[in-house]
1. From the backbone phi of the range B:203-216, what are the Karplus-calculated ³J(HN,Hα) couplings (6.51 cos²θ - 1.76 cosθ + 1.60, θ = phi - 60°) in whole Hz, Gly and Pro given as x?
2. Expressed in nm to one decimal, what extension gain is obtained for the pair A:Leu358 and A:Arg196 from 0.36 nm per residue of sequence separation less their Cα-Cα distance?
3. If I take every Cα pair under 8 Å that is 6 or more residues apart in the range A:61-226, average their sequence separation and divide by the length, what percent do I get for the relative contact order?
4. Shielding of A:236-247 by partners, i.e. mean partner chain Cβ atoms within 10 Å per residue?
5. Apply the a/c threshold of 1.5 to the C-alpha gyration tensor of the range B:1-73 and tell me whether it is rounded, prolate or oblate.
6. From the alpha carbon gyration tensor of the range A:61-226, can you work out the equivalent ellipsoid semi-axes (sqrt of 5 times each eigenvalue) and give them in Å, largest to smallest?
7. Relative contact order, percent, of chain A when contacts are C-alpha pairs under 8 Å separated by at least 6 residues?
8. Along the range A:187-193, what does the Karplus equation 6.51 cos²θ - 1.76 cosθ + 1.60 (θ = phi - 60°) give for ³J(HN,Hα), rounded to whole Hz, x for Gly and Pro?
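The values are calculated or read from the model by the stated rules, or taken from the named source; none is laboratory data. Note that the coordinates shown come from a computational prediction; the quantities given were computed from them, not determined experimentally. Cβ sites come from the backbone with ideal geometry, for glycine too, and all protein chains shown count toward neighbours. Ligands, DNA and RNA are stripped out before the accessible areas are found, and what is left, the full protein with its side chains, is counted by its heavy atoms. Shrake-Rupley method; radii C 1.70, N 1.55, O 1.52, S 1.80 Å.
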Amino acid sequence: MRIFVDTFQDCAIDMTARLQRTLLLIIAVALGAGTFVMSLGSNVTASQQIANDMAAGTLDQISVAVSGGTDTNNFPDDADARALTLPMVLSSGRRIDVDIDTAQPNRFTTANVDEYVQGVAVAGVTTGYFDVMDLTGGTAGAWVLDSTQHTNVAYLGVQAAKELGIPTDTPYPSGYQISLAGHRVDVVGIVQSSERARVDNVILVPYAQAVAMKISDSEAVLTVRTAIGAGGPVSKALRQVVRPDAPERLTVTQVATLDSLRSGVDSQLSRLGMSVGVMLLALTTLLIANSMIVAVMSRTSEIGLRRALGASQGDIARLFLTEGAITGFLGGLAGAALGVVGTLVTALANGWSVTMPLWLPFIGLGIGTVVGILASVYPATSAARINPATAIRVD
Amino acid sequence: MTAVINAHQLSRSFPGTPPIHALRDATLSVEPGEKVAIYGPSGAGKSTLLNLLGLLDGPTTGSYTVLGEETATMPARTKDRLRSQAIGFVFQQFQILGHRTTRENIDLKLSIARIPHAKRAALVDDALEKVGLTHRATSQARNLSGGEKQRLAIARAIVNRPQLLLADEPTGNLDARNTDLVLSLLDDFSAAGIAVVVITHSDRTAAWSHRNVFIYDGVLSATPPRS
Ligand SMILES: Nc1ncnc2c1ncn2[C@@H]1O[C@H](COP(=O)(O)OP(=O)(O)OP(=O)(O)O)[C@@H](O)[C@H]1O
Ligand SMILES: [Mg+2]
């Protein structure tokens, strides 16, 4: 321990005597370590931001499906309303897809045609589905979708409307009919897709109508949107609320966690920023090494003197390694501060919320110190090899 | 009493074309408390001999025992330890660190010898007082006068209470007053039982010693060579 105190004092004396050089090297390390920390910090902040954005879009959705089997009436008619009784549930709605051979969608003609329009899909939805998926356009009368009567109405996605020859310039085209499963159906609205659901090629019909076509609701899915962060508790209570008599007939799925996606983004961004930081650090290492080699040469007689006074080769090497470590440590300290400020500025400039991991400044400190020590390995060994007898011959 | 220095047929050659035989078959022994002056012209091999005696350099051939320890097979760490603890060396060029204070220059020797901090201040004070530099303790060493630097070099050599003091022309650049001052200092050390080996050009120093050894062209002799 005492050796290190002594070595430290020794270095402090020499480093303050050559203050300008010392400061220059510290600044060099600070820039290298700072850039590294900043790129790291910005990466973390950026990828966290991306992950947050993705999470905001998806992690507030919960799906409830039927556990299996072909039972009918798995969902009670008021399933949507039941889900809404839970706190933190913002909206809920059901959807059931009808295969095209069953639905046989077509333009309405009085003639009897066997063909039907391809490239469209048919789904039964409840009004709540519009809310859950943020669907817009022509939804003013969407309550008809909840009708349990055989109400022959349909909403069309934009693409589906085109396929069926229905104009899409008005949200409420009137007087148009299509044919579904041989029935005449009135078109009551054109629906726009949202980020949560693409319904461009979908023909949306009342939920009960679709269930009737399929005979069973075993393929229906109830989707619930919750306040952010409420997914866990809501999903626990959901089955109980929807089917208190037989919760086991339902399966709840929270939208998958995005960790894998997140780490993918992380590593891509990190590699880029890191390589810039690493290059700067390599440059800094060379700079310090060069400066220390010069210092060792100019201090040859002092090193020889130390050896002559009894210092071992290890003592000499330790002297320069310590000097490198101190330079690196101080530079790393300044670099950590620089990097943290840089990360904050980057985050603010991009309007990101700041995610500053606690270890970030320590990375800067550690990297600075390592760079300082690494840079001084060669100078230290060459200093240790100086021959005292020849070194003290010179003034 | 065993000899502090026991050198037997030490030779040291430096590679070159032709090789330089700086020292040839030097045999020398010095007892504790003895004052020996090595006297010879420039280039005769005086510093080469002193470097061997001070374990700064190794002989090409010959054997050397210092303080009872044979040096031929001695590990480097042991030599380092002897240099830091048992041998005081006053270098031909002062080898003083100009950007450090007088006190720090002396303390360096103790720091290298791993003497605990608590004991150092007293040892440094003692050495400063012996050489009369107490009033210059906190001066930057580069600002000291030639005589003061020489005394600082001596203070550093003896601060750790060595058993052997080797001085390469400690009076070389000094006037008569300063020379006497340094010689009387060396007398004190010798009286304390320290073996003192001094290289010199000056008759004054040669007259002061117990014994003079002459060196000419790398060869030692007890009598001045006939010219
Ligand atoms: N490292 C070395 N390499 C080559 N030659 C050397 C080396 N050291 C000393 N010599 C040579 O050895 C001879 C003796 O040198 P040394 O320094 O011992 O002389 P000296 O008696 O101390 O002289 P001075 O009184 O001028 O100091 C000289 O010719 C010198 O050039
Ligand atoms: Mg000499």
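1. Coupling constants for the range B:203-216: 5, 4, 5, 4, 6, 6, 6, 5, 8, 10, 10, 9, 10, 9 Hz.
2. Full extension from A:Leu358 to A:Arg196 adds 54.8 nm.
3. This gives 38 percent for the range A:61-226.
4. Rounded to a whole number, the mean comes out at 0.
5. oblate
6. Whole-Å semi-axes of the equivalent ellipsoid: 26, 18, 13.
7. Result for chain A is 29 percent.
8. Result, rounded to whole Hz: 7, 10, x, 10, 10, 9, 5.
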